[in-house]
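First the structure, in the form of structure tokens, and then the observations on it.
The values are calculated or read from the model by the stated rules, or taken from the named source; none is laboratory data. What you are looking at is a predicted structure, and each value in this text was computed from that prediction instead of being measured. Here Cβ is always computed from backbone atoms with ideal geometry, including for glycine, and neighbour counts include all displayed protein chains.
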Amino acid sequence: MRKQFYNFILFLLLGLTSCNIGAGTHGSLKSYQYPITKHKLEKAVMTVLKDNPKIFIDDIQNYIIDNTNGKNDTIRNNSYNDTTTYLTIKINTDKELNEYTIRYSGDEESWKTDSTSSISICYAYDKFGKGGSEGNGGVGRKLLKQLVNVFELELIEKIDKELNLTHSSEE
């Protein structure tokens with residue numbers, strides 16, 4: 001009986017801690033909240049991207065090989081660059097070329113009704129391909145600080161200026 005109790009407690013603790021992983025399997029490295037609708041935030045992001053020559057959208061189509069019933073098929077898979085929920089960008093500074101996948105919070109219904117919105121960094125990589133997500137633990141503190149500093153300098157500060165607002169953030 002005692003062993004069953006301990007197994008139950010262990011099962012419960014494991015279940016509860018798994019809930020802290022974050023959004024999906026990637027989680028969030030850092031999130032930026034704004035007191036505006038998602039559509040206004042998205043418009044500001046796109047304006048900043050258009051006006052900042054150091055940032056470009058990674059529009060390379062990703063392909064995967066699907067092996068079903070012994071047949072191979074090439075499928076376009078750009079789920080992390082649909083430009084609606086996810087956007088993959090590269091920031092090229094004098095010293096760095098970093099890649100970020102950002103996500104707008106919420107779903108299509110909340111975008112229509114919510115008066116607040118946010119974007120978060122799902123994945124971040126340096127020019128050597130080092131990095132990852134919160135969910136996979138691929139980003140150490142030092143690397144995270146470096147990646148976030150570039151992201152904030154080249155994108156977030158410019159979004160704040162474009163919107164004439166100050167974001168709040170969450171790590």
Hey, could you check the stretch 113-150 for residues that are in a helix (DSSP H, G or I) and touching a strand residue (DSSP E or B) at 6+ places or on another chain (Cβ under 7 Å) and say which is surrounded by the fewest Cβ atoms within 10 Å (Cβ to Cβ)? LEU143
So GLU157 passes all but one of these: (1) assigned to a helix (DSSP H, G or I); (2) surrounded by 17 or more Cβ atoms within 10 Å (Cβ to Cβ). Which condition number does it fail? (2)
Which one is nearest to LEU97 (Cα to Cα) among residues in the stretch 108-146 that are among the polar types (S, T, N, Q) and within 17 Å of the chain's Cα centre (by Cα)? GLN146
Those residues of the stretch 85-112 that are buried (at least 17 other Cβ atoms within 10 Å of the Cβ) and assigned to a helix (DSSP H, G or I) come to a total of 1
Identify the single condition in (1) closer than 15 Å to ILE89 by Cα; (2) modelled with pLDDT of 95 or more that GLY131 does not satisfy, given that it satisfies every other one. (2)
